[in-house]
Structure formats: structure tokens, C-alpha cells
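Below: the structure, in C-alpha cells.
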Amino acid sequence: KIEEVKAAIAAATAKDARELEEYRMRFISKKSVVGELFATMRTVPNEEKKAYGQLINEVKEAAEAKFKALIEALESGNSGAKQAAFDLTLPPVLTPSGAVHPLTATRRKIISIFERIGFNLSEGPEIEDDWHNFSALNFPENHPAREMQDTFFIEKNPDIALRTHTSSVQVRVMENERPPIRTLSPGRVYRNEAISARAHCIFHQVEGLYIDKNVGFRDLKNTLYHFAKEMFGASTKVRFRPSFFPFTEPSAEIDISCQLCGGAGCNVCKGTGWVEIGGSGMVDPNVLAASGIDPEVYTGFAFGMGIERIAMLSYQIKDLRLFTENDIRFLHQFSKLV
Ligand code: PHE
């Protein structure tokens, strides 16, 4: 019996913590086979007790020594048993990883282009009062232009609304800082529009504002030429079309040559070869004055662009709803973006 136990101890292995515990239960604990050997001492005749005791003590020591050796082998990871449990040649189970959202990637690229020419970043609240979204921007009281923006009102009199553009952030900057001001305001904006492939009631804008002495329309054009070439490539053409905004005079719509057909005419540019990416203009003197900046001393330009539109042109995305549907097949196509 003793010889059998010795042989079992010598042959025992443990490739993980569970097997180590099994070994402990079998050879070390009170109820183990070794424990049982001690219990049989009572039945051994007195004159044999000494020799028998020595024998089972040897077994006990062997069991403990082996236990230590098994623990060390497991901890050092050198046991053959452990290596068998970790087959390094098996293909790994891949952890699914997220991807940068195309709107985030587009926003980051736009920001980095303007940061390199000296624009800083500014942010403001998405819930705005009438002053910052409209009045300070020279929207006259009861003027249809307020309706033009399909505003979601939260409260009336005094009016509180979801901001319809991030021009509201620029008002906050003009109120709190003195020229020269060169700031970029990216953010989410809201308009009560029917959701379609080209429009959404929630979208993102990035607006720019530059105020200093002697800022002219040439500065606006050169800045946006630079942006278009950095964003879409050196061969991109830019076109300014006369337009109207209450807060700029003169105002112009910004078009770029269609990225999808190279100007040849396609569905996206509706055959014209041009696509609109935003609005721009020279800051109206009334707007400067409303924020306490002297329009006799300073002039400035402003522009605003839709981030969705720019992302759609950059990545050839034909339906704006894809940005918010969270379809993993769509999002995964951008997993290489940073
Ligand atoms: N705020 C305008 C809009 O949301 C865009 C714009 C910004 C136009 C700055 C001119 C100057 O449509």
C-alpha cells in the first residue's frame, strides 16, 4: 500500500491550478491517502510503530516536496504540462476593435488644416438663447430669416432653441475676446428638416471666424482655397457664388469641383460639376458692433461648412443617414482611419 502511494506521488502532474488542487486533496489534506496512512497507526502493533512511523513520514515528506515542485513548475511556466495548455501555434481569438467614425475623422482633418494656419478651437452650448443664435447675428426681429433655419424652439418669450448653426459660438468668442480673433467652432446643430439622403435634423458644422485690422475678401478666398486643396487635393477648384446671410455682407456660397466625377457631371453634382460645401462672407459691421468690437477699426470674415457634406465627398458616401444608423458593415470600412 505504501509503495503504491509513493509511486502515485512520483507520477503525479498538474497542468493548471485545478489539477494542483486535486493533487493537494489526494496527497496532502487530512482526508488524503497519506492522511489515511497516519490514521492506520492505531492498528499497528507497538513494536512496529517506530519503523512504520518513519515510513509514512517519508511518504508525507515526498508528497509535500512534490507539491512544492508542482507549484514552482506552474509558476515558472516551464512545465511541459503547462505548455500543452497554451498552444502558441493556435490562431488567436480576435478581440473586436472599434473604428474612428468617419465624421470624427473628417472633423479632425478639418481642424488640423485650420490649426496649422493659426486658428484655435472654440465650443459653446447646443441649447442657445435668441441673442446668440439670432439677434447678435443681425437677424431682425420677426424676420423670415429666422424661419429660414427651421428652428427647434424649446421655449418662447424669451426664446430658447437648439442652435441652428455654430455661429452662436462665434458670438460668444467675440463677446469675450478682443481681436485678433482666429477661431474654429465645430459642433452639432439642429434644424427641423425632413430626414433624407441629403439632409438630417441633426448634423455637424464647422464655422470659422477671422477678425483683425485690414482683413479683406481676398483673405477669405485664400483661406478657403487653401482649405479645399488640403482637404480634397491640389487639383480641387473653388467657386464663390453671391448669396445672402444676415450676418455677412457681402456673402457667398462656397462650391468645390465635384470630387466624384472630377467636374464631368454626375448624380451628386446633378450634372453641374460643382457641389456646395458651405456659406461665407465678410462679417457684417452690425455683428461686430453687437459684440462690442469697433467696426471702424476691425473687419473680419466668417465661413460655415457641413461636416457630413465634406465627409460624403471625401469618402464617396451617397446617403447621409448612414452616419447615424450605426450599421457595423458601414462603420468597419473606416477602421483604418485615425
Ligand atoms: N451660419 C451659416 C449657416 O449655418 C453658415 C455661414 C457661416 C455663412 C458664416 C456665412 C458665414 O448656414
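Observations, loosely collected:
- Residues whose amide H lies under 5 Å from that of Leu121, counting only those 5 or more places away or on a different chain, are Leu184; hydrogens are built 1.01 Å from N in the peptide plane.
- Normalised convex hull volume, segment 75-219, alpha-carbon set, Å³ per residue: 270
- Taken along its three principal axes, the alpha carbon spread of segment 225-338 comes to 54, 32, 23 Å, from the longest extent down to the shortest.
- DSSP assigns beta bridges within the chain; of those with both partners inside it, close to 95 percent run antiparallel.
- For a paramagnetic label modelled on Asp319 (point 7 Å from Cα along Cα→Cβ), amide N atoms under 11 Å away belong, within segment 184-216, to 196-198.
- What the Cα convex hull of segment 183-278 gives, in volume per residue, is 125 Å³.
- Residue-level accessible surface for Ser112, protein heavy atoms, 1.4 Å, Å²: 40
- The candidates Leu121, Leu322, Leu20, Leu220, arranged from most to least accessible area with a 1.4 Å probe in the full protein assembly, appear as Leu121, Leu322, Leu20, Leu220.
- Radius of gyration over Kirkwood radius for the chain, both on Cα atoms: the Rg/Rh ratio is 1.45.
- Cβ charges +1 (Lys, Arg) and -1 (Asp, Glu), total dipole of the chain, debye: 1280
- The Cα-based radius of gyration and maximum Cα-Cα distance (Dmax) for segment 1-145 are 37.3, 117 Å.
- Carbon and sulfur %, accessible surface of segment 142-277 computed with the full protein complex present, 1.4 Å: 49
- The fraction of Cα-Cα pairs per 10 angstrom bin, counted from 0 for segment 225-268, comes to 27, 41, 28, 5 percent, rounded to whole percents.
- Across segment 56-62, computed HN-Hα scalar couplings (Karplus, 6.51 cos²θ - 1.76 cosθ + 1.60, θ = phi - 60°) run 6, 5, 4, 4, 4, 4, 4 Hz from first to last residue, x flagging Gly and Pro.
- Of Asn192, Leu209, Ala234, farthest towards positive along the dipole that unit charges on Lys, Arg, Asp, Glu beta carbons give segment 157-235: Ala234
- Spherically averaged projected area in nm², based on the convex hull that wraps the Cα atoms of segment 147-213: 5.8
- Applying both filters, DSSP loop and at most 10 other Cβ atoms within 10 Å, to the trypsin sites (Lys or Arg not before Pro) of segment 95-184 gives Arg116, Lys156.
- For His200, the accessible surface of its heavy atoms amounts to roughly 30 Å² (probe 1.4 Å, protein chains only, rounded to the nearest 10).
- Ellipsoid equivalent to segment 140-184 - semi-axes via the Cα gyration tensor, in Å: 25, 11, 11
The values are calculated or read from the model by the stated rules, or taken from the named source; none is laboratory data. The model shown is predicted, which means the values in this text are computed figures rather than measured ones. Cβ coordinates were reconstructed from backbone atoms using ideal geometry, including for glycine residues, and neighbour counts include every protein chain displayed. Heads up: the accessible areas ignore ligands, DNA and RNA and are worked out on the full protein's heavy atoms, side chains in. Shrake-Rupley method; radii C 1.70, N 1.55, O 1.52, S 1.80 Å.
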